[in-house]
Each structure stands twice: as structure tokens, then as C-alpha cells.
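Here's the structure, in C-alpha cells; my notes come after.
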Amino acid sequence: MNAVTIAVDLAYLLAAAGFVVALHLMNSPATARKGSRLSWLGMIVAVAAALTSVIHGGTITTTGWIVLSVGGVGGAAAGLVMARRVKMTDVPQVVSIFNAVGGGAAALVAAGDFVRLAGDGGISGRVMIATVLDIIVGPVTFSGSLIAAGKLQGWVSSRPVVFPGARLITAALTVVGVGASCYLLAGHDSIAMLILVVCAALAFGVTMTMPIGGADMPVVVALLNSFTGIAVAIAGFVIDNGGLIIGGALVGASGGILTVLMARAMNRSVISVMLGGFGTGDSGPATGPAAVGAGASIRRISAEDAAIQLAYASKVIIVPGYGLAAAQAQHEAAELAALLQEHATVFFAIHPVAGRMPGHMNVLLAEANVPYTDLKEMDAANPEFPTADVALVVGANDVTNPAARRPGNPVSGMPILNVDQAKSVIVIKRSMGHGYAGIDNELYIDPKTGMFFSDAKSGLAEIIASVKALVAS
Amino acid sequence: MTTSLMSDIYMFVLAILVGYEVITKVPSTLHTPLMSASNAIHGIVIIGAVITASQARTDAGYVLAFVAAFFAGMNVVGGYGLTDRMLQMFRKRPAPPAHDRTKELS
């Protein structure tokens, strides 16, 4: 070990420590940005160390430099443009694409190592095991994430795509992939077999993600995030690099935790999400008439009625849901909150699965200038409902259904916001349609609930106008 | 089993445990930026791309290195860019009485 190698290894350690501290700083919105910058600094140190080591080693060819710099700078430019331009509602797709390229890069690093050493029998057992794992996990993450991004963007049907024989294809791909992997693991360094495994894994990623419905995407994106981390850590085993191992492991843990949290908040198991086919819409028409029947006992209100209730309330809790994000009504929600705050206590109660990825709703509201101190998590918000004069539900459904407290229905046991405990409730919703669970929401037939049927964006705009008129008069 | 493999496994397992400890303390308010930040961290795979490029000698090797460098560069820069853009939107109450302002800056 010479001085340069030691310095380079210490730099990797410094970067890894930076990542851990950065993640720690994310425990509060006040320090999170500092953390993100620290993490960026760690990354620069790590890249500088890698370049130093390569220059010092003197092994890189001129073509190697060109390939590295053109590829790296081109990719960086593409990434920067995507990060700058993306609308906040579309963040889940972009995160999914970054997952894809991370997993893809990890598989390519392993494949590059394999291609270099193939033929002369120079691949040790440990490197072979790690390589085989990486050329499976990496491509599955790559194609799976691209399909997930396509579903979120609407380029691929967000309905669960299930066709006869799909399970058979998945099973066949598994057999081919495992067979070819075993051949490689037996010590045959065949590039043809490597390509076969990669292709089987890519196809597997597609067949794995296609049957999963759009509503389950928060779980899937988190799970693929975890896979990418694992793929990067395994690439670290292939090239024996601690920076990759630690960085990848941190992400693997983070994605794993978010996957479990999301699945729990949606009242699903990770296994049932992955098996797919949930919320196919089959249950919609069947229970449709029941919804119309319940329509008899609901109380319809107008924007003016809602405005009067809100204008005279001293404590208002706004419950935003997927419908608010879909209608891009976050700015109207923020404006109404600011307007009501002139005379009342107002905050947002946010369910963990509101939006299209974990915590998405918070980002949308932060973008609309809602201070983070007004964004309350479910556990902090729930004790506040009994003292709230009005709970305003905008485009949220299943996460407010009191039926979740009883056993024996699709939402049983799901953590919910205790909206029904507020003194009165206003629901802005386009129709009496069902949420993803496909059942009636008992909150809507509660006598203290007023239903204002409207699109979230225009409904909120009408209420704002009415409140302003009331305040002015 | 070599010492290097053993120490790699130690690192992997301990990093997962540290990650678990640190990340369970992140509030759900920040889960989207967290996922984006961890996205950026797995951009560390760019080191792998650098090493792959340094060892490439064949056309196949160069192609693999090029695509790896492109993917990793996109991952790193995009990940950090997006995380920072989201986090700068998380503000305290905007109407700024002077004393609140100084608290925020310190």
C-alpha cells in the first residue's frame, strides 16, 4: 500500500461518512438542505479520489479518457436538465428513471469487469458470484424502473396489465436466468451466457412491473430504489470498493424501510403488491349501484355554504389527497390556507400515501409556499381532529374512511386520518366514485359531512372567491 | 475466504444497520427528498464507471464504460440537482418578522 492508495481509500471513507451524516441531517426540514450539500461534497471527494487513483495508476488509455469524459459529462448534462425542468407532480417518474440508470450502471460495471477478464479463467469465485448477482439485480431494476416511470407518466397503461400466460413467461424467464447463472457460477466465463442472463433479467423486470397497478406505484418505486442500492453495493463487491458497498447499502436500507412503511400505510403486504392485479377496476361497476344508493342520504353543499363554515371556524384542518395532486390544485389549497390563517388556526394533515410517491404531497405543498410547520404527519394530526371546527377533505378517499377501524372490509386496519372526529366535515370530490379499495366511504353519509361535488382546483377557487366576498362584506 | 471479502461483508452489513438507524428518524414530510437524496448517493456507482473506463482495452469494454459513465453521470448530477431543488422549497413561515429571519439563518 503506497501513500496514494491510502489517501484514496481515506477519501472514500470520508465520502461514506459524509453520506451517513447527510442522511442524519435529513431528520428535520431545517437541516435537510445542509445534509444534501454535505452529501454532494462527499460525492465530489469520492470522484476526485477515483480520478487520482486512475491517473496515478497510469493504466487508462486515451480512448478510455475520451469515453469516460464524454459519457460522464453527457450523462451529467442530461441529468441536470431533467432535474431542473421536471414539474413537481412528475418527480416520481424522474426518481424512477434515476433508479433505472443507477441499476443499469451497476450492472455495466460488473459486466465490464467480466468482459475484461473472460477467456483467461482469471475470474475468482467471489467476483463471479457478485457479478452474476449484479447482472440479475441491475437489469431487473433497470427495465422495472423504466416501466414504472412509463406507468407514472402515462406512456404505459397504469392499469395492471395481466394477460394469459404472463405467469408462464415469468416462470420461463426465471428458469433460463437461473440456468445460465448456474453455468457461469460453475466457473465458465462465457460472454454469451452473460448476455443471456442480462436479457432474461431485463425481460423479467418488465413482466414483474407490468401487472402492478398505478395505485401501488409508491411501494414499487421505493422497492426499486432499494434494489438499485443493492445492485450498487454488489458492484462494490465485484471491484472491491468500499465506497460503492457503503453507499449502496445505505440506499438499500432506505428503500427497504420506505417500501415497508408505504405498504403498511396502504394496508397491503409487499408480496401482494408484487403479485399485482389489485384494483383492476373489476370491483368498480359491481359496487357502483350501492354508491348511488348511498347518494340518497348524503348532504350536498355549495361553495358558498363551504365558505361560510370555513370563514367562521377558528380551527381548520385541510386533508389533501391524490385528487388534489392529480388536479394540480396545490396552489389553490395553499392560497385558501393562507386566507383562512388571517383569523384561524389552519394546517394540513398529510397521510403517508397522499400523492404518488412517499411524502410527495409535502413537496407539492412546499412548492406552493406552504411553510413546513403547517404540514403535519398523520400521528401528529390525529389528536387535533376532535378540536377542529372544520376538516376540509380535498380529493382524499380511502385514507379517511372510518370503516378502517372495524374488521371485515378491504380497508380494515389501514391507518387513517380521524376526519370523522372533527365537529364538521367538508369533502370536495368530483363524484361519489370509489377509492382504490373499491368500497363506500362511510364518512360521506355522516350527517355532519357536507359534500361539495367539484374538481379540486375549480372547487377550491370557488371557495376562495366566496370566502373573500364574505370577509370583504 | 479472503480477509478482503470478509471486510467487504462487514462493511455491507454495518452500513445497512447504520442506514436503518438513521433513516427511521426521517419524518414522512421529507420522504420524497429522502428518496431523491438516496438516489443521488447510489450515484457513487460513478466510481465504478471510472474504474471500468480505466481498465477497458477492447471495443466492447469501451462501449460498456461509455454507457456506464453516461448512466452514472446522469444519476449523480440529476439526483443531487433534484434533491436540492425540492429541499430549497421547504421553508418556514414566509411572512418574515425580523427575529424569525435571523433564527432561520443561524
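Quick note: the coordinates plus some simple rules give every number you see, no bench work behind them. Remember, it's a predicted structure, so these values are computed and weren't measured experimentally. A quick note on method: Cβ atoms are made from the backbone with ideal geometry, for glycine too, and the neighbour counts reach across all protein chains shown.
Structure above, values below:
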item	result
19 Å cut-off, amide nitrogen to a point 7 angstrom out along B:MET6 Cα→Cβ, residues in region A:113-155	A:125-127
Fraction of antiparallel bridges per DSSP, chain A only, in percent to nearest 5	0 percent
Distance between region B:1-66 and region A:145-198 - C-alpha centres, whole angstrom	23 Å
log10 of Debye I(q)/I(0), alpha-carbon scatterers only, for region A:287-472 at 0.08 Å⁻¹	-0.22
Dimensionless Rg/Rh of region A:401-473 - Kirkwood Rh, Rg from C-alpha atoms	1.06
Pairs beyond 30 Å (Cα-Cα), from A:LYS151/A:LYS457; A:LYS87/A:LYS429; A:LYS87/A:LYS423; A:LYS87/B:LYS92; A:LYS448/B:LYS25	A:LYS87/A:LYS423; A:LYS448/B:LYS25
Potential extension, A:LEU41-A:CYS182 segment - 0.36 nm per residue separation minus Cα distance	46.7 nm
Charged-residue dipole, Cβ positions (Lys, Arg, Asp, Glu), region A:287-472 about Cα centre, Debye nearest 20	320 debye
Relative contact order, percent, chain A [alpha-carbon distance under 8 Å, six or more residues apart]	13 percent
Among A:352-358, A:4-10, A:364-370, B:27-33, the order from most to least packed when residues are scored by Cβ within 10 Å on average	A:352-358, B:27-33, A:364-370, A:4-10
GNM result for chain B, Cα springs below 10 Å: residue of B:THR83, B:THR24, B:THR52 fluctuating most strongly	B:THR24
Three semi-axes of the equivalent ellipsoid, region B:28-90, Cα gyration tensor, whole Å, largest first	31, 9, 7
Kirkwood hydrodynamic radius over Cα pairs of chain B, then Stokes diffusion coefficient at 10 °C and 1.306 mPa s, in µm²/s	92 µm²/s
Net charge of neighbours whose Cβ lies under 13 Å from the Cβ of A:SER53, counting Lys and Arg as +1 and Asp and Glu as -1	-2
Gain in span if fully extended, A:ALA30 to A:SER69, counting 0.36 nm per residue against the direct Cα distance	10.4 nm
Shielding of A:368-381 by partner chains, average beta-carbon count, 10 Å	3
Radius 10 Å from Cβ of A:MET26, net charge of other residues (Lys, Arg +1; Asp, Glu -1)	+3
Packing-based order for B:43-51, A:223-231, A:379-387, using average beta carbon neighbours within 10 Å, highest first	B:43-51, A:223-231, A:379-387
Under 12 Å, Cβ to Cβ, from A:ALA149 - net charge with Lys/Arg +1 and Asp/Glu -1	+1
Average beta-carbon neighbours from other chains, 10 Å sphere, peptide A:46-54	4
Of the DSSP H helices in chain A, those whose Cα atoms cover at least 30 Å axially and whose Kyte score averages -0.5 or more	A:3-25, A:29-57, A:62-85, A:91-117, A:125-153, A:217-238, A:242-265
For A:339-348, mean number of other protein chain Cβ atoms within 10 Å	0
Separation of alpha-carbon centers, region A:33-81 and region A:301-337, rounded to whole Å	47 Å
Sorted by Cβ density within 10 Å, fewest first, the residues A:HIS331, B:HIS42	A:HIS331, B:HIS42
Segments A:60-72, A:435-447 sorted - mean Cβ within 10 Å per residue, highest first	A:435-447, A:60-72
For A:VAL346, residues with placed amide H under 5 Å, excluding near neighbours	A:VAL316
Within region A:401-432: backbone nitrogen closer than 18 Å to the A:LYS448 label point (7 Å, Cα to C-beta)	A:401-405, A:416-428
Values of log10 I(q)/I(0), in the order q = 0.10 Å⁻¹, for chain A under a Debye, Cα-only, solvent-free model	-0.83
